[in-house]
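The values are calculated or read from the model by the stated rules, or taken from the named source; none is laboratory data. Just so you know, these numbers come straight off a predicted model, no measurement behind them. Using ideal geometry, Cβ is built from the backbone for each residue, glycine included, and neighbour counts are taken over all protein chains shown.
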Amino acid sequence: MKKIAIVIFDHFTDIDLFLMWDILCRNKTDWQVKILGTKEQHQSTHGLLVTTHGNIMEANNADVVLFSSGKIGISTVIKDKIFLETFSLNSQKQLIGSICAGSFILAKLGLLNNGPATTHPEAKSELQAMGVEVIDKPFVCNGNVATAGGCLSAQYLVAWVIERLFGIDKRLESLKVISPAGQNEIYERLVTETLHGSGGIKAPDLVDKGDYVYNHL
C-alpha cells in the first residue's frame, strides 16, 4: 500500500487540505493518507483545529508528499530552519507536490530548480522573487515534482498522484465520484487536458497506457 503524506502547519488554507484529503480518503485499499505537522493539532486559516497523524519527519519515508498552503502559515514555515531541515525528500524516489503557496516550501527545499512552476496568482510575484520561473497554469509538472495554482487545482494535483501511482483508469474512477451531476465527461476531459497538455506531465520515464502516456514511479 502506498503512503501519502499531506503536510500542514498553523494557518493552513482549509480547502487546500480538505479537498485533497476528501478525494484521497475515499480509497481505503490502494493507499494510506496521513496528515503530518509539527504539533498534535494545527489550526486552519478559518479556525478549525485539525489533529495530525504524525510528525513531518514521516514525510521522508512516504511515497507521496503534498504540501498545503496558507499565506500566513507559509510565511512562517519558510523562515523556520528546523522545519525546513527536517525534510530529506528525494524527487527521484518520491512524488512531491504543492498547492498554491506551498510551492514556496518546494522552492526553499531546492525542488523547483529544474523548470517552471505555478502557484496561486496572488503569490506569483513572491515566488518569482525566489528565483523561480512561474507560469500561469493550473498545474505544472517536472518529473516527480508538481505544483498546482489556485485552490480548486488541488483536484489536478490529486489526479496526478493517482494516475502516476495506479494509472488513468484509477484516476478516472477516483475523480468520478466528485464530479457535478451531468458534467462527468466535461471534468474528465478538463483533467486529462490539464495533466497532459502544455505545462503538464513531463518526464523521461514514460509508460504507454492506452491513448495517453504517464510517468511511472
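Would you confirm whether any residue within region 179-191 is under 21 Å from Ala62 (Cβ atoms) and of a type in the set (Val, Ile, Thr)? For region 179-191, residues under 21 Å from Ala62 (Cβ atoms) and of a type in the set (Val, Ile, Thr): absent. Screening the candidates Gly47, Gly73, Gly37 for the property of being within 28 Å of Glu122 (Cβ to Cβ) and either among the aromatic types (Phe, Trp, Tyr) or in contact (Cβ under 8 Å) with a residue 40 or more places away in the chain (or both) yields one hit, Gly73. For region 33-41, the criterion of being over 16 Å from Leu84 (Cα atoms), crowded, with 18+ Cβ neighbours inside 10 Å and in contact with a Phe, Trp or Tyr (Cβ under 9 Å, 6 or more places away or on another chain) is satisfied by at least one residue.
Being modelled with pLDDT of 95 or more, among the β-branched types (Val, Ile, Thr) and either closer than 21 Å to Asp63 by Cα or in contact with a Leu (Cβ under 9 Å, 6 or more places away or on another chain) (or both), is that true of even one residue in region 198-217? The answer is no, given that none of the residues of region 198-217 is modelled with pLDDT of 95 or more, among the β-branched types (Val, Ile, Thr) and either closer than 21 Å to Asp63 by Cα or in contact with a Leu (Cβ under 9 Å, 6 or more places away or on another chain) (or both).
Considering (1) in contact with a helix residue (DSSP H, G or I) (Cβ under 8 Å, 6 or more places away or on another chain); (2) under 27 Å from His196 (Cβ atoms), the lone condition that Gly115 does not fulfil carries the number (1). Check region 22-41 and report whether any residue there is more than 14 Å from the chain's Cα centre (by Cα), β-branched (Val, Ile, Thr) and not in a strand (DSSP E or B). Yes, the conditions are met somewhere in region 22-41. The lone criterion from (1) closer than 25 Å to Val134 by Cβ; (2) assigned to a strand (DSSP E or B) left unmet by Phe9 is number (2).
Scanning region 1-17 for residues that are out of contact with any Phe, Trp or Tyr (no Cβ under 7 Å at 6 or more places or on another chain) and surrounded by fewer than 16 Cβ atoms within 10 Å (Cβ to Cβ) gives no hits. Within region 162-188, if we keep just the residues that are on the phi < 0 side of the Ramachandran plot and among the small types (Gly, Ala, Ser), the residue that is surrounded by the most Cβ atoms within 10 Å (Cβ to Cβ) turns out to be Ser174.
Filtered by the rule that a residue be within 16 Å of the chain's Cα centre (by Cα) and buried (at least 19 other Cβ atoms within 10 Å of the Cβ), region 110-128 gives Leu111, Leu112, Ala117, Thr118, Thr119, His120.
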